[in-house]
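A short reminder: the numbers here are calculations on the coordinates, not readings from a lab. Please read all numbers here as calculations on a predicted model, not as lab measurements. Cβ: placed from backbone, ideal geometry, glycine included. Neighbour counts: every protein chain shown.
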Amino acid sequence: MRNRHMLEEANETHWIVDVLLVDKHDLLIVEQTRMRRGGYVLRTKTNLEDIPVVNYSESVNVAASLYYDSLSSKEYIILLKKSGTLELLDTNLQIIDVLETGIEQGDNPKFITIDERSERLFINLEENALYSASLHRTDSFISFTKNAENPRKIYEAPSSISYFDAEWHFEVKSGKEFVTIAAILQSNQSGTLFEVIRQSQTESRKKKQRWDSFVELTNLNDLHDSNRPHDLGSGATLKSVSNIGFFIFSFRQIYFFGLPSGPDHYIDGSNIGKYVSFKGLSRESLPEDINDLVEMQPNVFFSQSAKGLEFKLFANYPLAVTANLDLVVENPDRYECCWRELTSACTVVTNHIATTHKVNVFPLSHQTCVLWDRWSGLEFIDNKSLSWEYFIGFSEPSALYSANVGFDFPKLVSSCALEGNKGSLQVFSEGYEQLLNDEIIFSSDEEICDIWPTTQSLWWKTKDGKLISDGVAVKTEHDIIHVTSNDELLAKNPSIATVADIWEDMHGNYVYLSDDGRVRWSGSTLSAQIPMGKKHIMEPFILACRRQHDSSLLTCIGLNDRLIILRDDSVITRGWTDVHADISSIFIIPERSAQYIILGTRNGRIKIFDIGTLNITESIRVGSKKIGLCAIPRTPYVFVYSNDDLLVLEIHQGGKCSVTRVKTDARITLMRATCTSEVYVVGRGGLFSRFRMPTELGKPKPIHQRIDTSSKCFSKFTSFTCSNRLIVTSAQSSHYSHAQTRYMNSAHLLLHDVDSQMQLHCYDLSKNYPQATIADIAAVPYEIPPSVGTLPQKLPSYAERLTLSKCFIVSLNYETADDDSLANLLLFSIDENNCSIDFHLSLNTMFSITAVSNYYNNMFLVAGECLQLFDISYLVQENTFRILPKSNPLLLSGYPTKILGGLPNISSSEQLLKFSNGGTDHRILISNLLKGLQEYKVTPDETKVVHSSEIPKKYLIRPTSSSERNFPSIDSTFGSNRMIVDCSWSQIGNIVWFATAFSDCNLEVLCIKEGEEADDERKVSIKVESQITSVVSLWPKRQALDHRREVFVPGSGNRHLFSITTARGSVFILKEATLMHVIRIQEEAENKIEDLN
């Protein structure tokens, strides 16, 4: 695989290729890029992660088989790679030999059949062709035969091979043995076909082996059921029985083809001739939910006795079918066999896997098979009793979409789905998972507004003014606003408007501020006057004070977005200093130089303030909620908390800090610590808890959380700037209606809390929009446009921006609906307090929509049959919304799947200069499944603009000409042999990274410097194991290099650029440093070639 190692796996996926029993007691689980091995006899492992990985591989496994060499009594493992390479391994998983076939493997199922008698393998290396690969062995050694015709094509079918089976037979007339290969073929045009080839008897041991048709190609039309859904094949499988014939099984019909050179067969006295058919199972014998979906799995377990033949086979659901053909009499003299009518029965065989879950079946031995359900895990079934023996749990749904949730400390969330209405949200982050191993003290019915843990008691105050000590209400005549560490009660009065304990003061002293701006310190005669204005009188002050090593007092006072600092009674700042955000909390970093202060802000930021320069030196955005700070005495740790997040900040020398996420389900409103490192936590709803802070935290570790449902498929989600926890997930469910003979669809919007792993609300769209499916979903926060171009910046009111931060749009598809005249564009918002989804308005755009995207200001884009710009207006006084078209509807062709707006200009330097000098357009890129990448420009409709300074009332969307496109090289990569599945871009500094995923499992990433043409020297190609389903940027658009993040987050210099999801459950991360390393290697190689020339 090309540069597959460049991708970092966010989650450990377990796509099972095969399950083998090695050395009779070891379980070998073959995955795509690794193998696990563990003791099978003891059966102590119940989770797949508990079985150790014993082999990693850069190449991808697509098939595996166990080969027993009777000459040496040794076992070998044969692996088929995605590249077509065959590997021969011993039981220690060491490679013994390799055979390069040169045939890249497709996505069709692969089967390896080992013919021990002739020392060769039969493999369907091509979709419609079988190959044989010869082995060479001695008493102590085995290898692949090395010649130009190994492997050799032995059979080319007219359609796709769905399964084949090889068997040896004895021909009575000639007295010779011969081998046959029976194959089931599947064709969209012809249906299910069956054919048997036979190896020529006289040349069976020669190098050149001729294969002839033995049972001519037969169309098994009866295996088709016109009443079944058209997207399912017949699901037939087969078994060759030595010297008897060939049995073909489906749920509807069973065929028995006699061996052409074999005995005559009679069923209840009637000669079968060429073949006979038996009725399969009736639909009524199957579970109702799946009786139209059942197909047979390839492998058939067979046993023969004097009583007759018994077949056991499994379905694509946890069902087993037992078929018996009882022998009445066998007459060797007349060379004929008489049988009774074949009987069959169906049995549910699972204990852990639901009957509605699809399974794959791996034959482990003649006695045991393994059922793999991607939702539940591996279940081991006894073939004789059809009862379960052993279970290994894990889940592997398809990953459809992933994106960051949050700002500078994001969580990576992936939405996953499986057939049968099963969905999963997976959340990946890094931090401390077990730090808050807290003890719940009690829960208060009243809202708590402050707490004070002292040396003697725990005090708290409720919102209605009640003061409580250790659970007992304390009656006071005054409004208590603070309790000191010495249990002194301080009441609000003109001289004490705001109060705070003095940090590092051993006597319990405090600092307080009067209404008129006078600062005083208890235990001291010092006082200071700070400048006050009328506008300050009613505003809340934020107060912090620390006793320094020289016993001086450093005091910080915050008011709105301003800060004033005093050393003892002297103001050391030039009056009030603007910190550009409303301050919510202050902590003075304990250093001898007293150089730095940590500020928490009301808009969710942490800022480091340098007292010496009076500047903000670092700033990081945690979220959008008010930040609180809780320092732990005598440690370098400070908790950073909000209603959405909990982080721990570690202070290093020189005022540098690192910040790490802490896992918690609670929505924290207050945190306070004692001098003994006990930390008290108050969550929303009045839940009191307590934990002890360890002296050392160790290294943060990966955190993996899941939200599962077995009733809906998740497709995509959108997150919100107003919350780091809440997302809205689009979900679908369907069931087959026998009454209407079609699938009935239901669309849902789900509100999830990704931290607590809870579904908070479900909005059922199918009530008002029957049979509609969700095409796309996107949040529509107000997006500040660039300062250049034709989208002038005019900020709406705070109320409007706050409201839009909670809104999202949904586009509906009516392809399977009876009524396509309903609205196809809907506007919703989330209600954080009530944990609900609120509907606002809908409209019919009069053209189908397949993709939506937020744009600048309060506008968004839709694409489908047309590309158009819309505007959302929120009328604050009326509390109503309005959506109006803002541009012309530009007719599109093909099938748009994604809209990329706000593109940087990466064309020629002349065009970049024009753009930076106030160009007249903005670019849009459409990813079109049938047309590739299409570029458009947005310009103001000059006929609608009155003044150049006002926001245009209308815009024009036009295609760009070939000479002015930003992405010519990417556009040219689209060809008829592959489609663009998804694309995305990230910009860091003056470098733009553009990633494009193709339908052939390739990912191509271009590194483009602004103003330069893209070239192949800066293109990286990566091949992954399965179909890519999404590529999403993880880096904020238009964000320059942010050195502040590197201070706060260890290792953040290795920036995450993209997340990539695949149909087999993988979620990959692509990092900037990794790409840059590969590009440097490519450039060095190119330079060496130029030097040689």
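Going by how many other beta carbons lie within 10 Å of each one, how would you line up 16, 557, fewest first?
16, 557
First obtain the Kirkwood hydrodynamic radius of the range 838-894 from its Cα pairs, then insert it into the Stokes-Einstein equation at 20 °C and 1.002 mPa s, and state the resulting D in µm² per second as a whole number.
175
Any of 110/153; 663/806; 626/806; 173/274; 239/279 with alpha carbons more than 21 Å apart? Name them for me.
Table pairs above 21 Å Cα-Cα are 663/806.
Using the Kirkwood radius over C-alpha pairs as Rh, can you work out the diffusion coefficient of the range 7-308 via Stokes-Einstein at 20 °C, viscosity 1.002 mPa s, in µm² per second?
Approximately 101 µm²/s, per Stokes-Einstein.
Using helices alone, what [θ] at 222 nm do you get for the chain, with -39,500 (n - 2.57) per DSSP H run of 4 or more residues, divided over all residues and rounded to the nearest 500?
Calculated from helices alone, the mean residue ellipticity at 222 nm is -1000 deg cm²/dmol.
Distance between the C-alpha centers of the range 240-302 and the range 797-841? Whole Å please.
First find each Cα centre; the distance between them is then 54 Å.
Using only the alpha-carbon atoms of the chain as identical scatterers, what base-10 log of I(q)/I(0) does the Debye formula give at q = 0.06, 0.10 Å⁻¹?
-0.61, -1.32
Among 626, 953, what is the fewest-to-most ranking by other Cβ atoms within 10 Å?
953, 626
Which residue, chosen from 111, 47, 514, occupies the Cα position most advanced towards the positive end of the dipole of the chain, where the dipole is computed from +1 (Lys, Arg) and -1 (Asp, Glu) charges on Cβ about the Cα centre?
514
Calculate the tail of P(r) for the range 308-349: the fraction of all Cα-Cα distances greater than 12 Å, expressed in %.
Percentage above 12 Å: 62.
Please label the shape of the range 509-594 as rounded, prolate or oblate, based on the square roots a ≥ b ≥ c of the eigenvalues of the alpha-carbon gyration tensor (a/c under 1.5 means rounded; beyond that, a/b larger than b/c means prolate, else oblate).
Here the range 509-594 falls in the oblate category.
Between the DSSP loop rule and a limit of at most 14 other Cβ atoms within 10 Å, which GluC sites (Glu not before Pro) in the range 252-327 are left?
288
So for 366, 1056, fewest C-beta neighbours within 10 Å to most, what's the order?
366, 1056
Quote the charge dipole size of the chain about the Cα centre in Debye, to the nearest 20; the model charges only the Cβ of Lys and Arg (+1) and of Asp and Glu (-1).
1320
Once the Cα gyration tensor of the range 712-806 is found, what semi-axes does its equivalent ellipsoid get, as square roots of 5 times the eigenvalues, in whole Å, sorted largest first?
So the three semi-axes of the range 712-806 are 35, 17, 11 Å.
Could you list the trypsin sites (Lys or Arg not before Pro) in the range 420-500 that lie in coil according to DSSP, counting only those with at most 13 other Cβ atoms within 10 Å of their Cβ?
463, 475
Rg/Rh for the range 338-430 to two decimals, with Rh computed the Kirkwood way over all alpha-carbon pairs.
With Rh from the inverse mean 1/r over Cα pairs, Rg/Rh is 1.20.
Please report, in debye to the nearest 20, how large the charge dipole of the range 50-114 is about its Cα centre when each Lys and Arg carries +1 at its beta carbon and each Asp and Glu carries -1 there.
120
Please label the shape of the range 746-874 as rounded, prolate or oblate, based on the square roots a ≥ b ≥ c of the eigenvalues of the alpha-carbon gyration tensor (a/c under 1.5 means rounded; beyond that, a/b larger than b/c means prolate, else oblate).
oblate
Give the residue from 577, 352, 858 lying farthest towards the positive end of the charge dipole for the chain; charges sit on Cβ (+1 for Lys and Arg, -1 for Asp and Glu) and the dipole is referred to the Cα centre.
Checked the options; the winner is 577.
With the dipole of the range 552-683 worked out from charges on the C-beta (+1 for Lys and Arg, -1 for Asp and Glu) around the Cα centre, which of 597, 564, 670 lies farthest toward the positive end?
670
In the chain, once you exclude exposed chymotrypsin sites (Phe, Trp or Tyr not before Pro) (DSSP loop, at most 14 other Cβ within 10 angstrom), what's the longest stretch remaining?
The answer is 336-1093.
Restrict the search to the range 119-201; then list the GluC sites (Glu not before Pro) that DSSP places in a loop and that have at most 12 other Cβ atoms within 10 Å of their Cβ.
Passing sites in the range 119-201 are 149.
If the limit is 19 Å between Cα atoms, which of 625/656; 716/1071; 24/307; 74/384; 81/312; 898/931 go over it?
With Cα atoms farther than 19 Å apart: 625/656; 716/1071; 24/307; 74/384; 81/312.
Between the alpha-carbon centers of the range 719-746 and the range 678-710, tell me the distance in whole angstrom.
31
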